[in-house]
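Heads up, the thing below is written out as structure tokens.
The values are calculated or read from the model by the stated rules, or taken from the named source; none is laboratory data. This one's a predicted model, so the numbers in the text were calculated from it and none came from an experiment. Note: ideal-geometry Cβ built from the backbone for every residue, glycine included; neighbour counts use all protein chains shown.
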Amino acid sequence: MRNDNTDMAKKNGGWLLNRRLEQNAARLRAARAKLALADEQLSALEDEASSQELRAIVSETPDSAFEFRQASAHAAAMRRHRDDLRREVSDLEARQDDLLDRLSAVRASGE
């Protein structure tokens, strides 16, 4: 009877790990898509900030300097957001590795 309970626990544990792995994989795909979008947006915002900087240097007006500061602030905010997304992807990848290790251990002990 005890052996049957152990086998049942291994099967349920494997099922649960598979489910968690599927959920983590879905989150990872979504986070990677958000990261790719943030990278594109950051590139555009950095280009805009660079253009505004050049205009501010050439025109030397308070308005152009203000527009440059605004564009730089937007780029910096997007950079922080992108860095947060990178950390999220890294955390999800580490979680995936952990789940795969645990699933391998369950399967190895079931053989």
| said: Test of understanding: among GLN23, GLN96, which residue is without any contact (Cβ under 8 Å) to a residue 12 or more places away in the chain and within 20 Å of the chain's Cα centre (by Cα)? | reply: GLN23
| query | Does ALA65 fit the bill of being under 25 Å from LEU85 (Cβ atoms) and either modelled with pLDDT of 95 or more or surrounded by 13 or more Cβ atoms within 10 Å (Cβ to Cβ) (or both)? | reply | no
